[in-house]
Amino acid sequence: MDTPSPVDVAVSTALDKERTATDIESIKRAFLNNLFYVQGKPVSLATQHDYYMALAYLVRDRMLHRWNGTAESYTQHRARTVCYLSAEFLMGPHLGNNLINMGIYEPVRQAMEELGLNFDTLLAQEEEPGLGNGGLGRLAACYLDSLASLEVPSVGYGIRYEFGIFEQDLRDGWQVERTDKWLRYGNPWEVVRPEWSVEVKLGGYTETYTDDQDRYRVRWVPDREVLGVPYDTPILGYQVNTANTLRLWKAEAIESFDFAVFNQGNYYGAVEQKVASENISKVLYPNDEKTAGKQLRLEQQFFFVSCSLQDMFRILKGQGMAVEQFHEKFAIQLNDTHPAIAAPELMRLLLDEHGLDWSLAWEITQKTLAYTNHTLLPEALEKWPVSLFGQLLPRHLQIIYEINNRFLDLVRMKFPKDAARLARMSLIDESGDRYVRMANLACVSSHTINGVAALHSELLKETVLRDFYELFPEKFCNKTNGVTPRRWMVLSNPRLSTLITSRIGDRWIKHLDELKAIEPLADDAGFRAEWRAIKQSVKRELAGRIHRQHGILVDPASLFDVQVKRIHEYKRQHLNVLHIVTLYSQLKQNPSLDITPRTFIFSGKAAPGYHMAKLMIKLVTAVGDMVNRDPDLRNQLKVIFLPNYNVTNSQRIYPASDLSEQISTAGFEASGTGNMKFAMNGALTIGTLDGANVEIRDAVGAENFFLFGLTAPEVVALKADGYDPYSYYQRHPMLKDAIDLIASGHFSHGDGDLFKPLLDKLLYHDPFMLLADYQAYIDCQETVGRAYSDADSWTRMAILNSVRMGSFSSDRSIAEYCSDIWKVNPFPVGLVDYGEIGG
Ligand code: Z57
């Protein structure tokens, strides 16, 4: 360490020890101080939310020593840094997670309880930042946790949406959306950095000029500019000093008033421009796996990417590094194609703003970027009409054309006289209306391309990215997704975590592989009893919540059969419903039939414009309405749709689940990550050979996994053969019975038309092959039911599932990204002891 500067010394003496102390008495003092001085409330007027804020601020105070220390250390050592570019970060509530990662959960809980406050009520006050749709955004959040926990210098770059994913209500069993006003009561976790704001150009035209060295240059003359203002959130690693940054950009007007317009007397016109600028970061597009194709969405993508790249150039310069060293300082990961505009934008900055020539700029760009693909669904592959693109980003379109010219020459060289291949690989789709193909752009511009599970990565090479694989086989790899055990075990399932720690210590939380030391205990009856008692008590808690919030009584001893995820036809929530209707029908026909009592729990949001998904929700709730109040069923079946699935709610659901439904049509779910959260918490999976299910089954053992259904190659073969869903309906009486019962209006007050679009699609198209998999699913569920009735054997399987999930920690995923893609090493941070410098 250098000699402390006068500022260091001043800081050291000014630093308030009260703001770092974590003993119970200090926490209580800090809490009461914050209530008074930050919330400005006497105890007599304080709300639960005031208490939450007072607590959040004392936690934030205790994070700042690490955050500042980390920033200072990275800057001094010019540490190589991962920049994770993502249009979504689905962080979930911060408070509990920060307490866990800082290692002060217990003293803080005790301090609050000693003040007479209910700690869980305080945690529940936090409005979660729902800045993502589902798996892709939550993966980004798990990856930030692991990057920090592995002490890897990194920044998450994204958009600070004012309205995150909508809140879902149910009215008459239908989804209705409400805007998510998550910032309403303030956000204690962010720090705005207006001094690092950047300007982003939009629209206009380009012109050429020759510079003072007589070189031909291009200038972009925009017709609009917006300001990007960074809001930073600290991301703590687990039990390390590292605190990385999530930097989210808010769009603002550059001048809050356009005085030229104002002075002409057009006050309203002046304000209009401010409103238009702020629109860019106003709202998250609520589509999972479907492109919106809207200009505002492209504006969002370019906005956050341009802000982030400009920010990297500022950092580079601040560390005295040359522009030519950009790829040495930064490794950029593109989370899907949403930030793929980074390729032409980085080229533009290097060429037009920093004066590099094409070949050097292109080398730097390719050495910097890497691309993760998250889907094979054609409707999710982004493409932008060339006209729209050129109007918004005229310079980028030129650059894309130039990248394309050079790229297609390469293709011609490697594959002479293959016009069809050229047309498929071109960055521009010219088969009809012209489009810019973002996946092609990402592939050409990146040094590495990865899928998110082994099967998905193989299918990518065989299907959507086949041509690119044939040209650049060395670019392709797999990085199977993972989830953070800090949030998904320690925070959400404290009792199970405590049980595990009581037997093997707490190293498993950082080294999840070490869970396998528990394996022998699966054969220990005492351990099984403890495990089962915990599962039962967590199920009782969820049952209580369901009763209080929805007035439905469910039996905690019944099998909790759970499907929670976005509502989508390929995820086949309606296959689950066909099973429920089949059981219902059997019980109605034979009221003395004894089945394994089940509670079916669904939760998930439908994209607001996805009518079939909304109808699937209505089908679940309609079946639930009939089933739940039918005395003939003797409480053997309950069907619950829990509204507003989000991170907060999911944390209460995974630990209370017995059976995890992972029943997508094989070949359609890229990975899935909920599947991992369930298994870690001791749920058994019923699933197809899709996404990461394949690897989960390998890890936990085929004998501990309920497999059914067509494989991905069988799905392709059956389609090629001319799949006829109607013939399955005719051949399988139970299937016919279930479909006929729904079609009769039995679950819709006699309205036989309500579910007709859904049933017709199944009978006459069935693109996701529910009818082909129906019988196998029913048979497999029968096996599940029988297995559950042997509680001891079930618990043994549950334990083996959980303790064999070590490789699905996002720590493993991130370690692989670091070594294989980013070539970045951990950089442990030592904290400056200001007290000693000053002392
Ligand atoms: C999204 O959540 C996923 C893929 C997408 O293309 C978009 Br857009 C959103 C999901 C996949 O469906 C999951 O299978 C996967 O686990 C997740 O991304 C994370 O990779």
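The values are calculated or read from the model by the stated rules, or taken from the named source; none is laboratory data. Source: prediction; values computed, not measured. A quick note on method: Cβ atoms are made from the backbone with ideal geometry, for glycine too, and the neighbour counts reach across all protein chains shown. Ligands, DNA and RNA are excluded from the accessible area calculation, which covers all protein heavy atoms including side chains. Shrake-Rupley method; radii C 1.70, N 1.55, O 1.52, S 1.80 Å.
Here are the numbers for this structure:
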item	result
Pair list, Cβ under 8 Å, 6 or more apart: the range 566-578 residue closer than 18 Å to Pro725 by Cβ, other residue assigned to a helix (DSSP H, G or I) and within 16 Å of the ligand (Cβ to nearest atom)	Glu569/Ala613
Filtered residues of the range 787-839 (kept if modelled with pLDDT of 95 or more, more than 30 Å from Lys367 (Cβ to Cβ), more than 24 Å from the chain's Cα centre (by Cα) and open to solvent by 30 Å² or more (accessible area, probe 1.4 Å))	Tyr788, Ser789, Asp790, Ala791, Asp792, Ser793, Arg796
Residue ID - nearest to the ligand (Cβ to nearest atom), chosen from residues in the range 299-324 that are touching a strand residue (DSSP E or B) at 6+ places or on another chain (Cβ under 6 Å) and among the hydrophobic types (A, V, I, L, M, F, W, C)	Phe304
Pairs where the first residue, in the range 350-370, is modelled with pLDDT under 95 and the second is of a type outside the set (Lys, Arg), C-beta under 9 Å, 6+ apart	none
Sole exception among (1) of a type in the set (D, E, K, R); (2) in a loop (DSSP other than H, G, I, E, B); (3) touching a Pro at 6+ places or on another chain (Cβ under 8 Å) for Asp288, by number	(3)
Complete set of residues in the range 325-340 that are open to solvent by less than 10 Å² (accessible area, probe 1.4 Å) and within 16 Å of the ligand (Cβ to nearest atom)	Gln333, Leu334, Asn335, Thr337, Pro339, Ala340
Single match in Leu144, Leu122 (criterion: farther than 20 Å from Ala607 by Cβ, in contact with a Gly (Cβ under 7 Å, 6 or more places away or on another chain) and in contact (Cβ under 8 Å) with a residue 24 or more places away in the chain)	Leu144
Flag for Thr484 being of a type in the set (S, T, N, Q), surrounded by fewer than 17 Cβ atoms within 10 Å (Cβ to Cβ) and touching a residue at least 12 places away in the same chain (Cβ under 8 Å)	no
Within the range 109-135, considering residues that are part of a helix (DSSP H, G or I) and buried (at least 24 other Cβ atoms within 10 Å of the Cβ), the one farthest from the ligand (Cβ to nearest atom)	Ala111
Odd one out for Ala87 among (1) farther than 22 Å from Thr20 by Cβ; (2) outside any loop (DSSP other than H, G, I, E, B); (3) touching a strand residue (DSSP E or B) at 6+ places or on another chain (Cβ under 7 Å)	(2)
Criterion violated by Tyr729 - all others in (1) within 33 Å of the chain's Cα centre (by Cα); (2) open to solvent by less than 60 Å² (accessible area, probe 1.4 Å) satisfied	(1)
Of all residues in the range 369-390 being in a helix (DSSP H, G or I) and more than 12 Å from the ligand (Cβ to nearest atom), the one that is most open to solvent (accessible area, probe 1.4 Å)	Ser387
Any hit, the range 761-770, residues being farther than 24 Å from Leu583 by Cβ, open to solvent by 10 Å² or more (accessible area, probe 1.4 Å) and part of a helix (DSSP H, G or I)	yes
Helices (runs of 4 or more DSSP H) contained in the range 601-714 and holding at least 3 residues within 16 Å of the ligand (Cβ to nearest atom) and either assigned by the TED database to the domain that holds Asp779 or among the aliphatic types (A, V, I, L, M) (or both)	674-680, 693-700
Count of the range 567-600 residues which are in a loop (DSSP other than H, G, I, E, B) and surrounded by fewer than 20 Cβ atoms within 10 Å (Cβ to Cβ)	8
Elements of type helices (runs of 4 or more DSSP H) in the range 450-531, at least 3 residues being not assigned by the TED database to the domain that holds Glu382	494-504
The range 731-771, residues that are in contact with a helix residue (DSSP H, G or I) (Cβ under 7 Å, 6 or more places away or on another chain) and free of Cβ contacts under 8 Å to residues at least 12 places away in the same chain	Lys736, Gly752
Members of the range 316-334 that are in a helix (DSSP H, G or I) and within 23 Å of Phe89 (Cβ to Cβ)	Lys329
Matching residues, the range 136-153, being within 13 Å of the ligand (Cβ to nearest atom) and either touching a helix residue (DSSP H, G or I) at 6+ places or on another chain (Cβ under 7 Å) or open to solvent by 10 Å² or more (accessible area, probe 1.4 Å) (or both)	Leu136, Arg138, Cys142, Tyr143
